[in-house]
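Step one of this worksheet: look at the structure below.
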Amino acid sequence: MRDRRATMGGETTDHDAHCHELVADCRLRAAADLFAHTWDPVVLAALRAGPRRRHELRAAIGGIGDKVLTDSLRRLFAGGLIDRHAYAEAPPRVDYALTGLGRSLVEGPITALGRWAVEHGDELLEAQEERAAESP
């Protein structure tokens, strides 16, 4: 299997050079897929303040169902964006926290998207309402 990482000197592998041809296997697509599930960025943002238990996440997020939260936590854990720490207690206790990779996503693109949403959110919603009113 070819190495998918760029070399230290800024050179790229054959895989990177042909990424535009193999869009399905591109790093950009892998990064964009992180936003494919509506609740995943919201869960990540809710973990920005520090480790939380499931009930704390549900309360902080609001409007998220238990199954949706479970699915999101599983995807984020599988993707290396969060850690899951189970304590040997009765009743069982599990905390979820951002990994370094998850923190870099939250503090980078998710924070930038949040700033954009604050700045342009009203404009975006107005445009959507206008387009919806124009549709038959």
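Brief remarks on what is shown
- Residue selection: Val43 fails the criterion of being aliphatic (A, V, I, L, M) and open to solvent by 80 Å² or more (accessible area, probe 1.4 Å).
- Residue match in the stretch 46-68 (condition: under 20 Å from Ala31 (Cβ atoms), surrounded by 14 or more Cβ atoms within 10 Å (Cβ to Cβ) and of a type outside the set (D, E, K, R)): yes
- Being of a type in the set (D, E, K, R), modelled with pLDDT of 95 or more, in a strand (DSSP E or B) and open to solvent by less than 30 Å² (accessible area, probe 1.4 Å) is a property that holds for Asp95.
- The stretch 72-92: number of residues that are closer than 23 Å to Ala32 by Cβ and either surrounded by fewer than 10 Cβ atoms within 10 Å (Cβ to Cβ) or of a type in the set (S, T, N, Q) (or both): 2
- Residues satisfying the stated conditions in the stretch 98-136, i.e. in a helix (DSSP H, G or I) and either in contact with a helix residue (DSSP H, G or I) (Cβ under 7 Å, 6 or more places away or on another chain) or β-branched (Val, Ile, Thr) (or both): Gly102, Leu105, Val106, Ile110, Thr111, Val118
- Of everything in the stretch 28-40 that is charged (D, E, K, R) and without any contact (Cβ under 8 Å) to a residue 24 or more places away in the chain, the residue that is least open to solvent (accessible area, probe 1.4 Å) is Asp33.
- Cross-chain or 6+ apart pairs with Cβ under 9 Å, the stretch 49-70 first and within 23 Å of Ser104 (Cα to Cα), then acidic (Asp, Glu) and open to solvent by 70 Å² or more (accessible area, probe 1.4 Å): Pro51/Asp83; Arg54/Asp66; Arg58/Asp66
The values are calculated or read from the model by the stated rules, or taken from the named source; none is laboratory data. In this text the structure is predicted, and so the values were computed from the model without any measurement. FYI the Cβ positions are ideal-geometry reconstructions off the backbone, even for glycines, and counts take in every protein chain you see. Heads up: the accessible areas ignore ligands, DNA and RNA and are worked out on the full protein's heavy atoms, side chains in. Shrake-Rupley method; radii C 1.70, N 1.55, O 1.52, S 1.80 Å.
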